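Notes follow the structure.
The values are calculated or read from the model by the stated rules, or taken from the named source; none is laboratory data. On a predicted model such as this, the values are computed, not experimentally measured, just so you know. Here the Cβ is made from the backbone with ideal geometry for all residues, glycine too, and neighbour counts use every protein chain on show.
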Amino acid sequence: MMRDAPRGVELLAEARRVLANKVLPQLTSETRYQVLMAIRAITLVEREFEASAKAEEKLGEMLQQLVGSDATVPELTRLLSKRIRNGDFDVSDELYAFLRLAVAFKLKETNPSKVGEGLKDSLG
């Protein structure tokens, strides 16, 4: 879909820049801490916006294949949990690969420095 400019992520980046460069230097210690928390929240939301929809779709497809169902993601995760408890995935390379990518996907938003380049490439 075509989006109007500026995009939401661009607006967030500008809000973060203004808070960090213009507002933050003029604040007292207590309000400074609160603005730093707001800047961190904006940064996390920016990363969520930038997260690859393709990576999320890929993880969903992997989960569907792993479980053998085309149910909704919440149902797929319940089925996966049940099958793990039943021992269906003991020594499963497929499950290991899926879980590594799922964790990397989450870390890419919350702490991208912890995601190795190989996993970033796998996510797209």
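Side notes on the structure shown:
- Within region 81-124, being farther than 30 Å from Glu46 by Cβ, surrounded by 12 or more Cβ atoms within 10 Å (Cβ to Cβ) and hydroxyl-bearing (Ser, Thr, Tyr) holds for one residue alone: Ser92.
- Among the residues listed as Ala20, Ala55, Ala13, the single one being among the hydrophobic types (A, V, I, L, M, F, W, C), surrounded by 12 or more Cβ atoms within 10 Å (Cβ to Cβ) and at pLDDT 95 or above: Ala20
- Taking every residue in region 87-105 that is of a type in the set (Lys, Arg) and pairing it with any residue that is at pLDDT below 95, at least 6 positions away or on another chain, the pairs with Cβ-Cβ distances below 7 Å are Arg100/Leu119.
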